[in-house]
1. Among the residues of segment 210-247 satisfying the criterion of being over 15 Å from the mean Cα position of the chain (by Cα), hydroxyl-bearing (Ser, Thr, Tyr) and in a helix (DSSP H, G or I), which is modelled with the lowest pLDDT?
2. Restricting attention to segment 100-132, and to residues there that are within 20 Å of the chain's Cα centre (by Cα) and small (Gly, Ala, Ser), which single residue is farthest from residue 173 (Cα to Cα)?
3. Conditions: (1) outside any helix (DSSP H, G or I); (2) in contact with a Pro (Cβ under 9 Å, 6 or more places away or on another chain). Residue 51 meets all but one. Number of the miss?
4. List the helices (runs of 4 or more DSSP H) that sit entirely inside segment 84-193 and contain at least 2 residues that are of a type in the set (A, V, I, L, M) and surrounded by fewer than 16 Cβ atoms within 10 Å (Cβ to Cβ).
5. Scan segment 76-99 for residues that are out of contact with any helix residue (DSSP H, G or I) (no Cβ under 8 Å at 6 or more places or on another chain) and closer than 22 Å to residue 167 by Cα and jot them down.
6. Just to be sure before I move on: is residue 25 charged (D, E, K, R) and within 17 Å of the chain's Cα centre (by Cα) in the structure I sent?
Amino acid sequence: MGVDEIKSQGFSLKELFRDVAYQVDYYQRDYTWGEEEVRTLLRDLCTSFSHWSNDPALIRRPGNAPQYFLGPFVYYEQSKNRRCLVDGQQRFVTLHLLFLQLRARVRDHGDARRVDRLNRAITTDGAHFSIGISDHEPVLRAIDEGRVYETGLGDSLSRRNLWVRSQQIEAQLAEELDADKLDRFTDWLLDRVVLVGIRAANQDHGYRMFETMNDRGARLTAVDLLKSHLLANVGTGEDQMNTRWQRCCGSWPPTVETLARPHVSSRRRCWPATRAPTMPRTASRSTPTSTCGCGRTQSTWGWFPIAPRTSWTSCRACWRRPGSSCLSSPRAAH
């Protein structure tokens, strides 16, 4: 493929995971989909399937059922059977959780053929998961083996969320899908649900596409963009930097985890300068000071490299108090 040449191709879920392993670059955010995003995805899939399953002609010829478009994703190829996701991680991981829960249900019904079909989507060789995110491994192993995963203080945001979303999918499947339709739903999901893959030329091209797609609007938080910026410029120390980042995120108390989740707002976040990495400031932005919501602490705030109009702030005291609301606006115009 030529320099920065972009290719696209449609994949059914069966084709998407056939003998291919996916990895996620370090600059990608954690798995952050919440209850509403997962509920909407699963409800849309079940609703589309129910329209198809009520048509006798399509039941007789399932290959004629309309395809369900699940959106685009962006990737680049590391090798013949290894792809690196640039954009689409949230849907891929959620689909992986869905596959695991579906397999558990069809296995309980003794459907060996569907178990085998789902195995091919879940793993590349019967042992390694198709989505090779090492941080997710302990949770996915527990789900795979039917065990309860006990979250701990040192767990990343992804691990904590994976287990909760997995339990949500299990409950919603039982609610929205009758047991006698499991076999047809599994076949429909693997054969007729389609994503369009947009292939970047290489890793650097993937970085540029990721930032172009996500530095507008509110899909990524400032924390996600900061992580992308740091890892894109750290050089050869990506492994160590990513490990330290995950350790830092794992130590956040629950009241701070909301900073790492997307929030639909025109306001952008800033951190106390004492807690933020040293970042270059633009000439048009000064360093504002403000008194926090508890009225006790005056703090200096450091801007993120890509900063919106106003800021969320919180002092160390309020940061440690569950349920506290500590908001202030910078005094300097920017």
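1. Applying the filter and picking the extreme gives 212.
2. Ranking the candidates gives 132 first.
3. (1)
4. On the way: elements: 89-108, 112-122, 137-144, 157-176, 182-192.
Here the list reads 157-176.
5. From segment 76-99, those out of contact with any helix residue (DSSP H, G or I) (no Cβ under 8 Å at 6 or more places or on another chain) are 77-83, 88-89, 92; that's our starting set.
Within segment 76-99, 88, 89, 92 meet the criteria.
6. Yes; evaluated as a whole, the condition is true for this residue.
The values are calculated or read from the model by the stated rules, or taken from the named source; none is laboratory data. From a predicted model like this one, the values you see are computed outputs, not experimental measurements. We place every Cβ from the backbone using ideal geometry, glycine too, and count neighbours over all the protein chains shown.
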